[in-house]
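The structure appears right after this line, and notes come after that.
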Protein chains: 2
Amino acid sequence: MATEIKTLGEFGLIKRLTSNMPMRQKSTVKGVGDDAAVMDFGGKRTLVTTDLLLEGIHFNLEYVPLKHLGYKAVVVNLSDIYAMNGTPTQIVVGLGVSARFSVEALDELYSGIRLACDTYGVDLAGGDTCASLNGLTISVTCIGVADKDEVVYRNGAKKNDLICVTGNLGTAYLGLQLLERERLSLSGQKAGDEIEAFRGREYLLSRQLKPEARRDIVEALREARIRPTAMMDVSDGLSSELLHICHDSGCGCAVYEDKLPINFEAAGVAEEMNLNIVTCALNGGEDYELLFTCDINDYEKLIPIDDVYIIGHITEKSDGCLLIGRNGEQLPLRAQGWEAFKE
Amino acid sequence: MATEIKTLGEFGLIKRLTSNMPMRQKSTVKGVGDDAAVMDFGGKRTLVTTDLLLEGIHFNLEYVPLKHLGYKAVVVNLSDIYAMNGTPTQIVVGLGVSARFSVEALDELYSGIRLACDTYGVDLAGGDTCASLNGLTISVTCIGVADKDEVVYRNGAKKNDLICVTGNLGTAYLGLQLLERERLSLSGQKAGDEIEAFRGREYLLSRQLKPEARRDIVEALREARIRPTAMMDVSDGLSSELLHICHDSGCGCAVYEDKLPINFEAAGVAEEMNLNIVTCALNGGEDYELLFTCDINDYEKLIPIDDVYIIGHITEKSDGCLLIGRNGEQLPLRAQGWEAFKE
């Protein structure tokens, strides 16, 4: 028997590999299936999340500067901890490097890792550095902390809850498309042309190359005394994340197309590239914005918070997960996300 | 500037990349520089360690069965937690797999991961699975726990402490040599010949392919009320680990050649392969035995514990780190270990 991985897809594969794993340790509060694992060692809750970044899959060193890569590798993990309503405190970094990298190149990578640690106040507490045959491999594990009652899972959304996202969506994806396009056409161009192609698009590029985790939003919600009922970060795409929340919470949702926060610069680039900006917003990944649901009674407290957008509400499970178009048409939400194993 | 990594070596590189990292979080008890990072979230100490395993560097799938690989990937991390005198409780696993792996192959890998979790009572609590361009990448992070006063670091050894190791040394290295030799000569052989070459060497192979972490020793020491003053697991080789302990503890050591625990089967294979068994015992890695120091007053309590061998004692720093030969000759200990970046 040899079943190709792509027949299962990423989530199917994870489910197959990790299902029926017994949790024996009393300290395991939440295992596989959320942004981070949650543990209880007698004090505050300990949160742990890990990400593996592989050259040629998650990043392309032709156009990703090493410093940005180091920064992003950390930030995507911090984002998972914030998405649990926790505070990231430490990271450990595993690094596999081939002989083609110089010490100075790794200094650059680490300057990005250090910058992220500085910016978010986390400690680089350990790691593992080894040689690789080819390519760069970065594994970052982030440890965080939260009070017992603070942790927000994916499974707490309930009927009539507001669905909110932060920032804007699809922008990081369009930044990637721009980078990919210019890379592909670099061969026939002069150096000056590339810069011209990116002029006015610096924001889109920064969204792809140097994303930030929404610590500000987690803090603002805490200050406003809003406890989200469910929360995730948008790494695979809004549709995919929303379907996770609805599945785990046993509910449906209605999301309004005209409520999706879209950056005007992103909209312009989408048009130029013949991409549907709504599709980008629903399925483009790597925005690292927060998607959360909260009680409708929190509405008044929510409104003053900058950069939070209400895009819909939670419904009964039997209502399904729907996108409501500009003319009232209803379309089922589909996860297209980053199913990297599918062709 | 382009400095080749091999000019620094693994430890030099880690030092360069991670030096002067400020520890800002009050919860960070111990950062880079021990078997695991140590955190304090208000209850017990949280321990975190991570390892990155890359195909072609850390394992060769020509002769390493996937189930064994999964088992070993977990065990080497558990070993780091035991080496802090802690109890491993959870793991998170990052997996990068190329299209050449079938779902069934990953089932095999995970059956090994599950077996290790079963055997040591730890929970698989999360992870990250993604596609890779080529090769298999496994990142395992292990979380553990210890009472505040239980944690054993590398820096507590003091003059006259006994130096102890468990099990035997160099055996995993010789197992690897056997596997490498047979692999290299497979082309001209019939299938039956390989099995013949391994007959009677099953123990050596198992030491390389399916190592165990010394939970039993950590438990036995605890029962005997012996608290090691310093402890590490032997992953890079005895010399390398002992030099770490002496460096961090600010002391020297005297280790006796004739006290090194050597397996007779390993000695036979070393002779057959023209390898010096003492060199193998001092510098062969991957035994995952425990190296620890303890107060000389614990001698009586130590003797009844199975599979623990006293190989020397801690001296003044000015005495240096010495191997005392069978005829009393003194040789400085050198770390040859796995300096993977050196040629």
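The values are calculated or read from the model by the stated rules, or taken from the named source; none is laboratory data. Here the structure is a predicted model, which is why all the values come from computation and not from measurement. So basically every Cβ, Gly included, is an ideal-geometry build from the backbone, and we count neighbours across all protein chains shown.
Checking each residue in the range A:35-55 for being within 9 Å of chain B (Cβ to nearest Cβ), closer than 18 Å to residue A:140 by Cβ, of a type outside the set (Val, Ile, Thr) and in contact with a Gly (Cβ under 8 Å, 6 or more places away or on another chain) picks out A:36, A:37, A:51, A:52, A:54, A:55.
Could you tell me whether the range A:79-86 includes any residue that is at the interface with chain B (Cβ under 10 Å from one of its Cβ atoms), more than 25 Å from residue A:202 (Cβ to Cβ) and buried (at least 24 other Cβ atoms within 10 Å of the Cβ)?
Narrowing the range A:79-86 to residues at the interface with chain B (Cβ under 10 Å from one of its Cβ atoms): A:80.
Cutting the leftovers down to more than 25 Å from residue A:202 (Cβ to Cβ) gives us A:80.
Pick out the ones that are also buried (at least 24 other Cβ atoms within 10 Å of the Cβ) and you get A:80.
Yes: the range A:79-86 contains one or more residues that are at the interface with chain B (Cβ under 10 Å from one of its Cβ atoms), more than 25 Å from residue A:202 (Cβ to Cβ) and buried (at least 24 other Cβ atoms within 10 Å of the Cβ).
Screening residue B:239 against (1) in contact with a Lys or Arg (Cβ under 9 Å, 6 or more places away or on another chain); (2) not in a helix (DSSP H, G or I) leaves a single unmet condition, (2). On inspection, residue B:110 passes the criterion of being assigned to a helix (DSSP H, G or I), among the hydroxyl-bearing types (Ser, Thr, Tyr) and at the interface with another protein chain (Cβ under 8 Å from one of its Cβ atoms). Selection of the range B:115-161 for residues being more than 30 Å from residue B:230 (Cβ to Cβ), more than 7 Å from chain A (Cβ to nearest Cβ) and surrounded by fewer than 20 Cβ atoms within 10 Å (Cβ to Cβ) yields B:115, B:118, B:134.
Does residue B:100 satisfy the condition of being closer than 26 Å to residue B:240 by Cβ, of a type in the set (D, E, K, R), facing another protein chain (nearest Cβ under 10 Å) and surrounded by fewer than 23 Cβ atoms within 10 Å (Cβ to Cβ)? Break it down into steps so the answer makes sense when it comes.
On the way: closer than 26 Å to residue B:240 by Cβ: no; of a type in the set (D, E, K, R): yes; facing another protein chain (nearest Cβ under 10 Å): yes; surrounded by fewer than 23 Cβ atoms within 10 Å (Cβ to Cβ): yes.
Considered against the rule, which asks whether it is closer than 26 Å to residue B:240 by Cβ, of a type in the set (D, E, K, R), facing another protein chain (nearest Cβ under 10 Å) and surrounded by fewer than 23 Cβ atoms within 10 Å (Cβ to Cβ), residue B:100 comes out as no.
Only one entry of A:179, A:186 meets the criterion of being outside any strand (DSSP E or B), under 22 Å from the mean Cα position of the chain (by Cα) and either under 24 Å from residue A:327 (Cβ atoms) or modelled with pLDDT under 95 (or both), and that entry is A:179.
With respect to residue A:4, is the statement that it is more than 9 Å from chain B (Cβ to nearest Cβ), out of contact with any Leu (no Cβ under 6 Å at 6 or more places or on another chain), more than 21 Å from residue A:116 (Cβ to Cβ) and of a type in the set (D, E, K, R) true?
Working: more than 9 Å from chain B (Cβ to nearest Cβ): no; out of contact with any Leu (no Cβ under 6 Å at 6 or more places or on another chain): yes; more than 21 Å from residue A:116 (Cβ to Cβ): yes; of a type in the set (D, E, K, R): yes.
No: the conditions fail for residue A:4.
Among the residues making up the range A:290-317, those that are assigned to a strand (DSSP E or B) and more than 22 Å from residue A:263 (Cβ to Cβ) are A:293, A:294, A:313, A:314, A:315.
Within the range A:19-34, restricting attention to residues that are of a type outside the set (Lys, Arg) and not in a loop (DSSP other than H, G, I, E, B), which residue is nearest to the other protein chains (Cβ to nearest Cβ)? Reasoning before the result, please.
Quick first cut of the range A:19-34, residues of a type outside the set (Lys, Arg) only: A:19-23, A:25, A:27-29, A:31-34.
After this cut, where a residue has to be not in a loop (DSSP other than H, G, I, E, B) as well, the list is A:28-29.
On the way: A:28: 5, A:29: 9 Å.
So, considering only residues that are of a type outside the set (Lys, Arg) and not in a loop (DSSP other than H, G, I, E, B), the one nearest to the other protein chains (Cβ to nearest Cβ) is A:28.
Find the strands (runs of 3 or more DSSP E) located wholly in the range B:114-174 whose residues include 3 or more that are at pLDDT 95 or above and of a type outside the set (D, E, K, R), and list them. Step through it out loud before you land on a result.
Working: elements: B:123-131, B:137-146, B:162-166.
Qualifying strands (runs of 3 or more DSSP E): B:137-146, B:162-166.
Can you spot a residue in the range A:4-24 that is at pLDDT 90 or above, over 16 Å from residue A:80 (Cβ atoms) and of a type in the set (S, T, N, Q)? No, every residue in the range A:4-24 fails to be at pLDDT 90 or above, over 16 Å from residue A:80 (Cβ atoms) and of a type in the set (S, T, N, Q).
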